[in-house]
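**Student:** Could you have a look at this structure, given as structure tokens, before my questions?
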Amino acid sequence: MKHVISAKHFTNADILSLIETAIQMEQIKKQGHGLNLAGRIMGALFFEPSTRTRLSFESAMLRLGGQVISTENAREFSSAVKGETLEDTIRVVEGYVDVIVLRHHEIGAAARAANVSAVPVISAGDGAGEHPTQALLDTFTIARELSRLDDLTIALVGDLMYGRTVHSLVYMLSQFPKIHFLCVSPSTTPLPRDVVDFATTRGASVQIENDLGRAAEASDVIYQTRVQKERFHSMEDYEAVKGQYIIDEHILARMNEKAIIMHPLPRAGEIAPTVDADPRAAYFRQSHYGVPVRMALLARCLA
Ligand code: NCD
């Protein structure tokens, strides 16, 4: 079964082969043919808001000649409102589609869904847990923009505790040689201990750096993230940490010429719009890479 639940499950070889396929998919996307998923249906079940992830998955499936059925606000507009369990919903939907893309607000939801599903389940984010397909497109972005996946210093900036894209990215990249993470986060939202331990066990180094300017000078990639407002227990706690680390022209001035700024988006003030015109601002290009990468994933899951 080709479920996609955690970035931990991707081997080095998996990642490189998916990157290669995604490069071919970029061509297919440009040329508009090479369709091989005709007659297959992807079901997108989204219990949390999404723009990029849902639309790029739908675009990927359509570009491969497949079809899509989708519920974008499953928390309110599915039978979850009537008290249906996630497991029951999956048992029903698996009969309608060939692959399920699931975003859910609870950690572990994708694994629970995979346990009962006869068709592949692809996690599109499970609460503050993981976001493995984002990690894959982030890895693809680094490979595309910097032409390598080793010997990298990556500053992880912002809400490293609740930011699921960060967790998956650390899991995925830490298996490549000479990976150094610099954690730039408010003291109340550090990278979780188990994520740090996983990375160091795989040979990556993880260091705390409270000064964003210093991190900018040392890094090949600045991975900025949004403070995950919806995961905070109180608005005061959120207000206390938001806006602490902002990328603006002062930070840009301290970055290496060849370094890039990434962000899974959406941003909520943590990158000044004045940064967008700089060629090192890679975040919109990064969002576009989501389509070929998800095409490659769907092709693999439905092969
Ligand atoms: C992220 C997510 O949903 O975790 N967005 C995305 O999928 N590109 C990041 C975020 O919401 O901050």
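**Student:** Please sort 7-14, 134-141, 96-103 by packing, taking for each peptide the average over its residues of neighbouring beta carbons within 10 angstrom, highest first.
**Tutor:** Numbers: 7-14: 14.9, 134-141: 25.9, 96-103: 23.2.
The densest-packed peptide leads the list: 134-141, 96-103, 7-14.
**Student:** Determine how many Å³ per residue the convex hull of the Cα atoms of the chain encloses. All intermediate terms of the calculation are to be shown ahead of the outcome.
**Tutor:** Details: hull volume 38.0 nm³, N = 303.
Cα convex hull per residue, to the nearest whole number: 125 Å³.
**Student:** What is the range 148-260 by shape, rounded, prolate or oblate, if you read a ≥ b ≥ c off the alpha carbon gyration tensor as root eigenvalues and call it rounded for a/c under 1.5, prolate for a/b larger than b/c, and oblate otherwise? Spell out each step's value before the answer.
**Tutor:** On the way: a/c = 2.25, a/b = 1.19, b/c = 1.88.
The shape class here is oblate.
**Student:** Now, a different point. Just to confirm my numbers, what's the Cα centroid distance between the range 162-187 and the range 1-70 in Å?
**Tutor:** Between the Cα centres of the range 162-187 and the range 1-70 lies a distance of 23 Å.
**Student:** Once whole DSSP H runs in the chain are found, which of them have Cα atoms spread over 24 Å or more along the helix axis and a mean Kyte-Doolittle score of at least -1.0?
**Tutor:** Values: long enough: 12-31 (29 Å, -0.14); 283-301 (27 Å, 0.06).
Membrane-span-like by this criterion, though nothing is claimed about a membrane: 12-31, 283-301.
**Student:** Quick one: grab the alpha carbon gyration tensor of the range 2-41, order the square roots of its eigenvalues as a ≥ b ≥ c, and give me rounded if a/c is under 1.5, else prolate or oblate depending on whether a/b is larger than b/c. Let's see the in-between values first.
**Tutor:** Values: a/c = 3.56, a/b = 1.54, b/c = 2.32.
It is oblate, given that a/c is not under 1.5 and a/b is not larger than b/c.
**Student:** Using heavy-atom solvent-accessible surface (probe 1.4 Å) with all chains present, what is the largest-first order of 219, 50?
**Tutor:** 50, 219
**Student:** Okay, moving on. Tell me, what is the per residue accessible area of the chain in Å², probe radius 1.4 Å? Don't skip to the answer; put the middle values down first.
**Tutor:** Working: 13020 Å² over 303 residues.
On a per-residue basis, 43 Å².
**Student:** Where the accessible area of the chain is counted over protein heavy atoms with a 1.4 Å probe, how much of it, in %, is carbon and sulfur? Walk me through the numbers on the way to the answer.
**Tutor:** Details: 6720 of 13020 Å².
About 52 percent, which is the carbon plus sulfur part of the accessible surface.
**Student:** What accessible surface, in Å², does a 1.4 Å probe find on residue 48, ignoring ligands, DNA and RNA and rounding to the nearest 10?
**Tutor:** For residue 48, the solvent-accessible surface is approximately 20 Å².
**Student:** Let a ≥ b ≥ c be the square roots of the eigenvalues of the Cα gyration tensor of the range 222-296; is it rounded (a/c under 1.5), or, if not, prolate (a/b larger than b/c) or oblate? Don't jump to the answer; show the numbers that get you there.
**Tutor:** Working: a/c = 2.86, a/b = 1.26, b/c = 2.28.
The shape class here is oblate.
**Student:** Also, I was wondering about something else. Hey, got the dipole for the chain? About the Cα centre, +1 on K and R Cβ, -1 on D and E Cβ, debye to the nearest 20?
**Tutor:** Numbers: 31 positive and 36 negative charges, 162 e Å.
With only Lys, Arg, Asp and Glu charged at Cβ, the dipole is about 780 debye.
**Student:** Where does each of 122-131, 187-196 land if you order them by average Cβ count within 10 Å, highest first? Intermediate results must be reported in sequence, preceding the final value.
**Tutor:** On the way: 122-131: 24.6, 187-196: 15.4.
Listed from highest to lowest mean packing, they are 122-131, 187-196.
**Student:** So for the range 157-286, taking the charge dipole from beta-carbon charges (+1 Lys/Arg, -1 Asp/Glu), which of 208, 234, 171 sits furthest toward the positive end?
**Tutor:** 171
**Student:** Related question: Nearest-5 percent of antiparallel DSSP beta bridges in the chain?
**Tutor:** Numbers: 0 of 34 bridges.
Looking only at bridges with both residues in the chain, the antiparallel portion is about 0 percent.
The values are calculated or read from the model by the stated rules, or taken from the named source; none is laboratory data. Computed from a predicted model, the values in this text were never measured in an experiment. Counting neighbours? That spans all protein chains shown, and the Cβs are built from the backbone with ideal geometry, glycine included. The accessibility values were calculated without ligands, DNA or RNA, using every heavy atom of the protein model including side chains. Shrake-Rupley method; radii C 1.70, N 1.55, O 1.52, S 1.80 Å.
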